Amino acid sequence: QVQLVESGGGVVQSGMSLRLSCAVSGLRFTGSGFHWVRQAPGKGLEWVAVISDDGTETYYADSVKGRFSLSRDNPKSTLYLQMSRLTAEDMAVYYCVRDRAGLRYLDNWGQGTRVTVSS
Amino acid sequence: QSVLTQPPSVSAAPGQKVTISCSGSSSNIGNNYISWYQQLPGTAPKVLIYENDKRPSGIPDRFSGSKAGTSATLGITGLQAGDEADYYCAAWDTSLSEFLFGGGTKLTVL
């Protein structure tokens, strides 16, 4: 079955960097775009970024633009979210999610990885 | 403040019907597909409705979606205790080049 498994979360100091990974299996990785969506404690869902199936296009939420970078390694069926200059506002559970039908909807969510930013 | 506006909470008794609204603009709901997500406590969200009114396999027909202009509605009939969850609408915004989520609506089954 389709699996998206995030890793790399943890505790990081404010201002530092962290890289999240998402290992994908059970689907044709190269045929799919992928998003990252985050959820701060007790808050709603916030879209973070998306990468196209071939990796040539990426889009970012204003709140992370210039600090986060999304990439993919197709031979490894893995996504990477490089996060820099982290602040308390970035503290959240980060979900890796498959894009369907060209930004029409999201399905196949991972279980999430928690990022805690300490001061 | 989310660009897509949902009521913070709705409630109804078991067996009743409830609707959740989602209001946006021409750059998102008005010209792109809307989708709805259910997040049960402590779990990852899952898609309930996609492309405005389609249900993925496994989603019961008690759940329905509709869209009119720049607004959309999620309907749930025959409410069950297990439907207690947070519900989110979402759509791509062509002007912002961002995938937007509504602020979420907490459904309470009384």
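Quick note: the coordinates plus some simple rules give every number you see, no bench work behind them. Please read these numbers as outputs of a predicted model, since none were measured by experiment. So basically every Cβ, Gly included, is an ideal-geometry build from the backbone, and we count neighbours across all protein chains shown.
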Report, by residue number, each residue of the range A:69-119 that is within 20 Å of residue A:56 (Cα to Cα), of a type in the set (Lys, Arg), within 16 Å of the chain's Cα centre (by Cα) and within 14 Å of chain B (Cβ to nearest Cβ). A:98, A:100
Residue hits (the range B:13-70; farther than 22 Å from residue A:101 by Cα and among the hydroxyl-bearing types (Ser, Thr, Tyr)) are B:19, B:21, B:23, B:43
Could you please give the count of residues in the range B:56-110 that are within 14 Å of chain A (Cβ to nearest Cβ), outside any strand (DSSP E or B) and farther than 27 Å from residue B:15 by Cβ? 5
Yes or no: the range B:21-43 includes at least one residue that is surrounded by fewer than 22 Cβ atoms within 10 Å (Cβ to Cβ), free of Cβ contacts under 8 Å to residues at least 12 places away in the same chain and within 14 Å of chain A (Cβ to nearest Cβ). yes
Would you point out the residue of the range A:1-44, among those that are more than 14 Å from residue A:72 (Cβ to Cβ) and basic (Lys, Arg), that is surrounded by the fewest Cβ atoms within 10 Å (Cβ to Cβ)? A:43
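What strands (runs of 3 or more DSSP E) lie completely within the range A:52-102 and have 3 or more residues being free of Cβ contacts under 8 Å to residues at least 40 places away in the same chain? Please lay out each step first, then the result.
On the way: elements: A:58-60, A:68-73, A:78-83, A:92-100.
The qualifying strands (runs of 3 or more DSSP E) are A:58-60, A:68-73.
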For residue B:9: the one exception among (1) surrounded by fewer than 16 Cβ atoms within 10 Å (Cβ to Cβ); (2) in contact with a Ser or Thr (Cβ under 8 Å, 6 or more places away or on another chain); (3) within 14 Å of another protein chain (Cβ to nearest Cβ); (4) closer than 26 Å to residue A:52 by Cα: (4)
